[in-house]
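K.L.:
Please see the structure below; I have some questions.
What follows draws every value from the coordinates through simple rules; no lab data is involved. A quick note: this is a predicted structure, and the numbers were derived from the prediction, not measured. Because the Cβ atoms are built from the backbone with ideal geometry, glycine has one as well, and the counts that use them run over all protein chains shown.
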Amino acid sequence: MNNEIVGIAAGALSCVTFLPQVIKTWKAKTTKDLSFAMFLIATISTALWLTYGLLIHSIAIIGTNIVVLIFTLTMLFLFFKHWKK
């Protein structure tokens, strides 16, 4: 089996992990019970994984981390948008 196929499958599942929280937060318009620190750390981690993927030219790592970075940045945006509501 091609290693990149396994990476793409794992990446697709990683992308989906943040989607339910993004949707729920978007609809609820509150981040009251969420951890800002967790999403900040996830954003930094994802940016580093994306950089690593670019350095080694891995489509699976690059694609996954672009999508996850969009989701984590969206959550950080929602934290600031709904701050103290």
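K.L.:
Between Ile59 and Val22, what is the FRET efficiency for a Förster distance of 25 Å, r being their Cβ-Cβ separation, to the nearest 0.05?
P.N.:
Approximately 0.60, to the nearest 0.05.
K.L.:
Along Cα→Cβ, 7 Å out, is where each label goes; now give me the distance between the ones at Thr30 and Tyr52 in nm to one decimal.
P.N.:
3.7
K.L.:
Quote the relative contact order of the chain in percent (integer), defining contacts as alpha-carbon pairs under 8 Å separated by 6+ residues.
P.N.:
Rounded, it is 46 percent for the chain.
K.L.:
Right, next: Along the stretch 30-43, what does the Karplus equation 6.51 cos²θ - 1.76 cosθ + 1.60 (θ = phi - 60°) give for ³J(HN,Hα), rounded to whole Hz, x for Gly and Pro?
P.N.:
Computed from phi, the couplings for the stretch 30-43 are 8, 10, 3, 9, 9, 8, 4, 4, 4, 6, 5, 5, 4, 5 Hz.
K.L.:
Mind checking Rg over Rh on the chain, alpha carbons, Kirkwood formula for Rh?
P.N.:
1.05
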